[in-house]
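Here the structure is laid out as structure tokens; the discussion comes afterwards.
The values are calculated or read from the model by the stated rules, or taken from the named source; none is laboratory data. What you are looking at is a predicted structure, and each value in this text was computed from that prediction instead of being measured. Cβ placement follows ideal geometry from the backbone for every residue including glycine, while neighbour counts extend to all protein chains displayed. Heads up: the accessible areas ignore ligands, DNA and RNA and are worked out on the full protein's heavy atoms, side chains in. Shrake-Rupley method; radii C 1.70, N 1.55, O 1.52, S 1.80 Å.
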Amino acid sequence: MENKNTRLQKTFEEMQREDRKALIAYITAGYPDLQSLSDIVQALEKGGADMVQVGIPFLDPVGDAPIVQVLSKRAVENGFTVEKFFQALKELRMSTTLPLLLRAYYTTIFGYGEDRFVEGCKEASIDGVVVPDLPLEENGALKSKLDTIDVPLIPIVVPAPMERIKAIVESGGGFVYLMMAPGENQRAFVDQLNDFANQIKQITKLPVCLGIELRELAFAKQLINNADSVDGILIGDVLMGTLQKACDNKNPGQLPTEELTQVVEYFSTSMVPRR
Amino acid sequence: MITNEKAKFGEFGGQYVPEAVMQALIELEKEFNKARNDQQFIEEYRYYLHDYDGRPTPLYYAENLTKQLGGAKIYLKREDLNHTGAHKINNTLGQALLAKRMGKKRIIAETGAGQHGVATATVAALFGMECEIFMGAEDVQRQRLNVFRMELLGAKVRSVTSGSSTLKDAVNEAIKDWVEHIDNTFYLIGSAVGPHPYPLMVREFQKIIGEEAREQILQKEGRLPDYVLACVGGGSNAIGIFYPFVKDTQVQLIGVEAAGKGLDTNLHAATFNRGTVGIIHGMKTYLLQSPDGEITEPYSVAAGLDYPGVGPEHSYLKDIGRAKYESATDEEALAAFELLSRVEGIIPALESSHALAYAVKLAPKLGKDKIIVVNLSGRGDKDVQQVAKMKGIEEI
């Protein structure tokens, strides 16, 4: 079996060689339906996404932007189940070579069953798992199960005492998701972000990616060009917004693949080399 | 192996929340632990319980009800006599004092039918704090009187339209707001639920009910009761009266949850009788859920009982066999509501009526030498309009 950890690692190594940041495209699965998942991911790949993060729909996503709840609700109403999702994920794995990250709430994982969940990750050859509601204090059981299939639990950090950040980073792998809410002053935020990323880099060799949901296109682009200490950037909100708007306005069954590709391109083409 | 043991009751409880929320919980836990060991804080809390709330509440021998049922002696712990009409204020006073001690100027809370919102708005007014109550948009429509009460007390009511626009969504939005405004905001949870330290903290602020009841029954009867009954939604009144009796293993603890239209229908809130273990609102506990862990909407005639989960300490007491969890239907609760009104001149809350309904079933089976204590957690003034409507009396 191919070593999955390598797929993620290779991507970051490639980024480093090309001196650019990784673009992580995030989408909630099951909207407009599960059959569309592969086509959506292909559109994201075409636009230049370096990795894809697929979210399992969850009705109470306290760690996500409101759009995730809206799409999740529609997915569940359309008959989404985690079991069907893992089937779709296996098909998706065959249609793309990009690293695939799986984002799921622990509520869902526990409800579905940790062992079954890990089995699903293994079968779909997932490259990393992101669990927004599973802090350091509670992640031991799932982490040891993911260890057996060599899939990293991606650590999520927020500004906190360094001691805690260190413990969180050491409890995970793959790369570090950095969460930090942008304040009023966008200029100052870029500096704060770089400082924070640099602090984290002093305690780990893992790449550091920005995990906040960027809503404003221009601001996101500015961040991409100026957050030099960050190794990757997540775009989810704007992609899911595009998907929803198009699906609600067009005939059902017609996916806005071109629009999605264009949104990713807007970011990928602005990934200028770091100075 | 159980991880994060300090945050758990057996395997239940814990902290299943985003890292940003953890930062807030860590601060809260630290400050709560300091406060609960600070004599000055305890005295201040007791002062407000006594002079403002009116504690201790009586333990009343319901002689008429006892005679009518013809079995065990029934005592009522009169939490309905608290200021604002229910046990809720024991907790809101405690948490608001903690907020004040932490230097927070703003209090937020979730509310379903509005009772916890009113109890929170009350203490915010008392301590001069800004107050915002998160309430599902549907509940805002259904509970206009309580919305007005909260506004009268100076609180702002925020109507939540995300998700299914109900209590669980109000909780989600309150958590998000808390994380965004952690510097000046205190999140005051209304029941013994949520991530650690809330279930522990709420129990500590509600255990006064059981401490008083234990002392009062010893004084009146010279012995402990055979049964202690309480209704269970989130379970704060129940854990409040149970906890001081947990070590008295001769006392049977019985929680009564809402069977709604019946346990065999989809319309109930019987978390223990029909639920499974899962994760909700940051804790591991019994809950009503789909196979994928999505919360299913509960139902009860009593708004305060239609919570899809239950406090983690109850899950623990159930699993170790220390407490039993029975249920009462809407119909049984309504009958108990009318019975107590008629024979004792006390209109109980529909929530408390569930505990009474079980007492009505239990007492006749027991000898006259047995003693039952029922936690009468709230008064029923808030429910009379609803009951009238159900009886077909439209215009009140």
Here the residues within segment B:1-32 that are under 10 Å from B:His196 (Cβ atoms), assigned to a loop (DSSP other than H, G, I, E, B) and either open to solvent by 60 Å² or more (accessible area, probe 1.4 Å) or of a type in the set (Gly, Ala, Ser) (or both) are B:Gly14
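So that you can scan it fast, the table gives a plain yes or no per residue for (1) open to solvent by 60 Å² or more (accessible area, probe 1.4 Å); (2) in contact with an Asp or Glu (Cβ under 6 Å, 6 or more places away or on another chain); (3) closer than 25 Å to A:Leu153 by Cβ; (4) modelled with pLDDT under 95:
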| position | (1), (2), (3), (4) |
| --- | --- |
| A:Arg17 | yes, no, no, yes |
| A:Pro32 | no, no, no, yes |
| A:Leu59 | no, yes, yes, yes |
| A:Asp64 | no, no, yes, yes |
| A:Leu100 | no, yes, yes, no |
| A:Arg103 | no, no, yes, no |
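Taking B:Ile372, is it under 22 Å from the mean Cα position of the chain (by Cα), hydrophobic (A, V, I, L, M, F, W, C), over 23 Å from B:Leu253 (Cα atoms) and crowded, with 16+ Cβ neighbours inside 10 Å? I'd like the intermediate steps shown before the answer.
On the way: under 22 Å from the mean Cα position of the chain (by Cα): yes; hydrophobic (A, V, I, L, M, F, W, C): yes; over 23 Å from B:Leu253 (Cα atoms): no; crowded, with 16+ Cβ neighbours inside 10 Å: yes.
For B:Ile372, the condition - under 22 Å from the mean Cα position of the chain (by Cα), hydrophobic (A, V, I, L, M, F, W, C), over 23 Å from B:Leu253 (Cα atoms) and crowded, with 16+ Cβ neighbours inside 10 Å - is not met.
Is at least one residue of segment B:286-294 part of a helix (DSSP H, G or I), within 14 Å of chain A (Cβ to nearest Cβ) and either within 19 Å of the chain's Cα centre (by Cα) or modelled with pLDDT of 95 or more (or both)?
Within segment B:286-294, the subset part of a helix (DSSP H, G or I) is none.
No, that holds for no residue.
Kindly indicate which of B:Lys104, B:Lys67 is outside any helix (DSSP H, G or I), out of contact with any Lys or Arg (no Cβ under 6 Å at 6 or more places or on another chain) and either at negative phi or not charged (D, E, K, R) (or both).
On the way: B:Lys67 fails: outside any helix (DSSP H, G or I).
Just a single option satisfies the conditions, and that option is B:Lys104.
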Looking at segment A:91-117, which of its residues are over 18 Å from the mean Cα position of the chain (by Cα) and away from chain B (no Cβ under 14 Å)? A:Glu91, A:Met94, A:Ser95, A:Asp115
Positions within segment A:77-98 being out of contact with any strand residue (DSSP E or B) (no Cβ under 6 Å at 6 or more places or on another chain) and open to solvent by less than 50 Å² (accessible area, probe 1.4 Å), in sequence order: A:Gly79, A:Phe80, A:Thr81, A:Val82, A:Phe85, A:Phe86, A:Ala88, A:Leu89, A:Leu92, A:Arg93, A:Ser95, A:Thr96
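Could you name every one of the strands (runs of 3 or more DSSP E) located completely within segment B:130-244 that has at least 2 residues being of a type in the set (Phe, Trp, Tyr) and either surrounded by 24 or more Cβ atoms within 10 Å (Cβ to Cβ) or in contact with a strand residue (DSSP E or B) (Cβ under 6 Å, 6 or more places away or on another chain) (or both)? Show your work before the answer.
Details: elements: B:130-136, B:156-160, B:185-187, B:227-231.
Once the strands (runs of 3 or more DSSP E) in segment B:130-244 are filtered for at least 2 residues that are of a type in the set (Phe, Trp, Tyr) and either surrounded by 24 or more Cβ atoms within 10 Å (Cβ to Cβ) or in contact with a strand residue (DSSP E or B) (Cβ under 6 Å, 6 or more places away or on another chain) (or both), what remains is B:185-187.
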Residues being closer than 19 Å to A:Gly30 by Cβ, free of Cβ contacts under 8 Å to residues at least 40 places away in the same chain, open to solvent by less than 50 Å² (accessible area, probe 1.4 Å) and not in a helix (DSSP H, G or I): count how many of those fall in segment A:220-252. 0
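Here is a list: A:Asp60, A:Asp19. Which entry is closer than 22 Å to B:Ile295 by Cα and out of contact with any Leu (no Cβ under 6 Å at 6 or more places or on another chain)? Spell out the reasoning first.
Details: A:Asp19 fails: closer than 22 Å to B:Ile295 by Cα.
None of the other options fit; the residue is A:Asp60.
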Working only within segment B:319-328, note down all residues that are closer than 13 Å to B:Val246 by Cβ and crowded, with 22+ Cβ neighbours inside 10 Å. B:Ala323
State all residues of segment A:202-219 that are crowded, with 16+ Cβ neighbours inside 10 Å and modelled with pLDDT of 95 or more; if no residue qualifies, say none. A:Thr204, A:Leu206, A:Pro207, A:Val208, A:Cys209
Suppose we keep only residues that are more than 14 Å from chain B (Cβ to nearest Cβ) and open to solvent by 70 Å² or more (accessible area, probe 1.4 Å) within segment A:151-190. Which one would you say is farthest from B:Tyr16 (Cα to Cα)? A:Arg187
For segment B:33-40, state whether one or more residues are buried (at least 17 other Cβ atoms within 10 Å of the Cβ) and either within 14 Å of chain A (Cβ to nearest Cβ) or among the hydrophobic types (A, V, I, L, M, F, W, C) (or both). yes
State the number of residues belonging to segment B:295-305 that are in contact with a Ser or Thr (Cβ under 8 Å, 6 or more places away or on another chain), away from chain A (no Cβ under 13 Å) and surrounded by fewer than 23 Cβ atoms within 10 Å (Cβ to Cβ). 0
Given the conditions (1) at pLDDT 95 or above; (2) polar (S, T, N, Q); (3) under 30 Å from A:Glu14 (Cβ atoms), every one holds for A:Gln186 apart from (1)
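Looking at the structure I just gave you, is A:Leu153 touching a residue at least 12 places away in the same chain (Cβ under 8 Å), under 20 Å from B:Ala7 (Cβ atoms) and touching a strand residue (DSSP E or B) at 6+ places or on another chain (Cβ under 6 Å)?
Spelling it out, A:Leu153 is indeed touching a residue at least 12 places away in the same chain (Cβ under 8 Å), under 20 Å from B:Ala7 (Cβ atoms) and touching a strand residue (DSSP E or B) at 6+ places or on another chain (Cβ under 6 Å).
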Just need a number here: residues in segment A:55-90 that are more than 8 Å from chain B (Cβ to nearest Cβ), charged (D, E, K, R) and part of a loop (DSSP other than H, G, I, E, B). 1
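Anything in segment B:329-365 that is part of a loop (DSSP other than H, G, I, E, B) and open to solvent by 30 Å² or more (accessible area, probe 1.4 Å)? List them, or say none.
Filtering segment B:329-365 down to residues part of a loop (DSSP other than H, G, I, E, B) leaves B:345-347, B:349.
Correct list: B:Gly345, B:Ile347.
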Among the residues of segment A:131-150, what is the count of those that are of a type in the set (D, E, K, R), in contact with a Lys or Arg (Cβ under 7 Å, 6 or more places away or on another chain) and open to solvent by less than 50 Å² (accessible area, probe 1.4 Å)? 0
